[in-house]
Amino acid sequence: MMKKLRHSFEYLSYDDISELDADDAALLQAARKVTERAYAPYSNFRVGAVMRLANGQLVSGTNQENASFPAGICAERTALSAASSLFPGEPVQAIAISYQHPEGNSHQPISPCGICRQSLAEYELRQQQPIRLILGGQSGKVLVIPAATQLLPFSFSAKDME
Ligand code: THU
């Protein structure tokens, strides 16, 4: 029999970074700052991602573009690859994502692209604990999403290949 189902998830919205707890605020502040390390000569859109690992270590990533555009990599996947390579097995607790718009307006949060959502989801499933996402521009509203997999409902995973 046909059933109509609904999927939803809860997330938090803050007016400003000052409403976050000290750890989350520090992570977002680091993500804002690390945008300076982006290599984005083609889009000039600089993205920074900083992750806090369970051992307290911070690992950052920025977007790294390429003249062959598809060869570029987003900040989120740069950070994930760094964490997995430098600290294998160390769970990622949270990732803060920020950016710097070329024309200067960076007040609204951005959220990860589809490919990064897939990569974050796999990391989360692999470590069997949630990765919180802290999303904010250089100023203004901040969104906190409790788990990366919430951003990719019905995602394809290793389970589908069993
Ligand atoms: N980009 C990221 O690094 N992360 C996102 O979440 C969105 C997009 C990068 C890819 C490209 O270098 C530039 O931003 C413009 O799309």
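The values are calculated or read from the model by the stated rules, or taken from the named source; none is laboratory data. Remember, predicted model here, so these are calculated numbers, not experimental data. Here the Cβ is made from the backbone with ideal geometry for all residues, glycine too, and neighbour counts use every protein chain on show.
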In this structure, is residue 142 within 12 Å of the chain's Cα centre (by Cα), away from the ligand (no atom under 15 Å from the Cβ) and farther than 17 Å from residue 38 by Cβ? no
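Okay, residues lined up against (1) surrounded by 18 or more Cβ atoms within 10 Å (Cβ to Cβ); (2) closer than 19 Å to residue 101 by Cα; (3) among the basic types (Lys, Arg):
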site	(1), (2), (3)
8	no, no, no
20	yes, no, no
23	no, no, no
28	yes, yes, no
37	no, yes, yes
44	no, yes, no
47	yes, yes, no
67	no, no, no
71	no, no, no
State which residue pairs qualify: first residue under 23 Å from residue 99 (Cα atoms) and touching a residue at least 60 places away in the same chain (Cβ under 8 Å) and inside the stretch 75-89, second residue in a helix (DSSP H, G or I) and more than 13 Å from the ligand (Cβ to nearest atom) in any location, beta carbons under 6 Å apart, and separation of 6 or more residues or different chains. none
Could you pull out the residue among 95, 131 that is out of contact with any Lys or Arg (no Cβ under 9 Å at 6 or more places or on another chain) and under 21 Å from residue 25 (Cβ atoms)? 131
Checked the stretch 64-97 for anything closer than 19 Å to residue 121 by Cα and either basic (Lys, Arg) or within 10 Å of the ligand (Cβ to nearest atom) (or both); matches are 73, 74, 75, 76, 77, 78, 79, 97
Candidates 52, 46 - the one that is within 9 Å of the ligand (Cβ to nearest atom) and under 26 Å from residue 12 (Cα atoms): 46
Run down 152, 133 and say which single residue is on the phi < 0 side of the Ramachandran plot and either touching a Gly at 6+ places or on another chain (Cβ under 9 Å) or modelled with pLDDT under 95 (or both). 152
